[in-house]
1. Going down the table (Lys18/Lys147; Lys118/Lys327; Lys223/Lys366), which pairs top 24 Å between alpha carbons?
2. Where a ≥ b ≥ c are the square roots of the eigenvalues of the C-alpha gyration tensor, would you call region 91-173 rounded, which needs a/c under 1.5, or, failing that, prolate if a/b is larger than b/c, or oblate?
3. If you fit an axis through the alpha-carbon atoms of helix 350-367 and take the longest principal axis of the Cα set of the chain, what angle between them do you get, 0 to 90°, nearest 10?
4. Net charge within 13 Å of Trp226 by Cβ-Cβ distance, Lys/Arg positive one each and Asp/Glu negative one each, not counting Trp226 itself?
5. Which one of Gly98, Gly137, Gly76 has the biggest mean-square fluctuation once the chain is modelled by GNM with Cα springs under 10 Å?
6. What part of the accessible area of region 1-104, given as a whole %, is carbon or sulfur when the probe is 1.4 angstrom?
7. Rounded to the nearest 500 deg cm²/dmol, what is the calculated helix-only ellipticity per residue at 222 nm for the chain, with -39500 (n - 2.57) per DSSP H run of length n ≥ 4?
8. Per q in 0.11, 0.19, 0.20 1/Å, what log10 I(q)/I(0) does a Debye calculation on the alpha-carbon atoms of region 212-359 return?
Amino acid sequence: METEQLKSCLQLFIDGLKEELHTLSRDIWSHPEVAGEEVFAHDTLVRFFSRDPTWTVQSQYRLPTAFRASWGPAEGADGAPVLNVGFLCEYDALPGIGHACGHNLIAEVGVAAALGLKAALENQKRPAVPVKITVLGTPAEEDMGGKVELLNMGAFADIDVVFMAHPAHVDLSFEGAVAIQDVSVKYHGKASHASASPWDGVNALDAAVLAYNNLSVLRQQLKPEWRLHGIIKHGGVKPNIIPDYTELEYYLRTPLVVDLEELKAKVEACFRAAAAATGCQVEISYPGHAYSNILPNTTLTRLYEENAKSLAVCFPEQPAHFAGADKAQSYTLRAAKALAMTAVDVVSCPDLLKRVKEDFRRAKLKHR
């Protein structure tokens, strides 16, 4: 079957599942769960894939709320390697506000694209190479760095190329995401009565306020693309008790992961200066994984753009709020089709995968 026929096949298949896919997305959106606690979303997605016995489904895959669903041969004829195409599903929500980042739609896109590619490959008589499809449920994206955990555990080791789409207010074939690191700062002072004996206290809240102001002043000396922003998570207990403990949380962002070290050094100096000025002890820690900046891939970007344009995507502005809205479905399924169609291009032409890997190699060298 020709490439364009495969693409037509997967589009029809995804359209035929649109009600089921919408229900899947709405169920996850209606039960928001924060990072590491996505039990409902995990179980819902595991059940979805487990209905089809041709999928090998692993629940709680290396993380309590991660999963892996695989379809296709473990190896080709005479032990030849297979081309393993991956699709990612995210499904954690933000504390207090739910699926504001639309991770329910990311899950739907990953599922739809994987099922569409599977349907196309099942109708292909003579594949250019044996293909395996792997869907990874990657939890804790909003905190902890689930993908980094899975990467470190080897979950991506056997996957050749991975696809994912993220909802946004506009259609984009590539959006550069900056590197990010979260930092936790704890000040320890000495409590005393703020009226009767303030001289006996060591004010941890003063340290937190000084640190906050130090960083605000630092911003004018930062490079234009650098960002730092944070909150005071704990500022004391009662107004008449000098706080002996305060806590801040900050996010540090730079275009390249190598720049994070320079920003971290500047920020730590501000935190320690506040401790020195107030006589507090300070603890500085980096509880989560650093997220590297996304590297552009020219080959995949071009393929995705061509496939998206064939689906009448003109990259217009989209609705500003749509993660749980019915109107989001047309954009979601369109993105899923374009991802699956791009995967068809890659599996139909082995030379394309070589170009994709070469693009990645060059981008790593350029941005390191």
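1. Details: Lys18/Lys147 27 Å; Lys118/Lys327 26 Å; Lys223/Lys366 20 Å.
Exceeds cut-off: Lys18/Lys147; Lys118/Lys327.
2. Details: a/c = 2.75, a/b = 1.57, b/c = 1.76.
The shape class here is oblate.
3. 20 degrees
4. Values: positive: Arg219, Lys223, Arg227, Arg253, Lys264, Lys266; negative: Glu225, Asp259, Glu261, Glu262.
Once positives and negatives cancel, what remains is +2.
5. Gly76
6. Values: 2720 of 5060 Å².
Percent of accessible area from carbon and sulfur atoms in region 1-104: 54.
7. Values: 10 runs with 152 residues, N = 368.
Theoretical 222 nm ellipticity from helices: -13500 deg cm²/dmol.
8. -0.73, -1.13, -1.19
The values are calculated or read from the model by the stated rules, or taken from the named source; none is laboratory data. In this text, all values refer to a predicted model and were calculated from it rather than measured experimentally. In this analysis, Cβ positions are derived from the backbone assuming ideal geometry, glycine residues included, and neighbour counts consider all displayed protein chains. Accessible surface areas use protein heavy atoms only, side chains included; no ligands, DNA or RNA. Shrake-Rupley method; radii C 1.70, N 1.55, O 1.52, S 1.80 Å.
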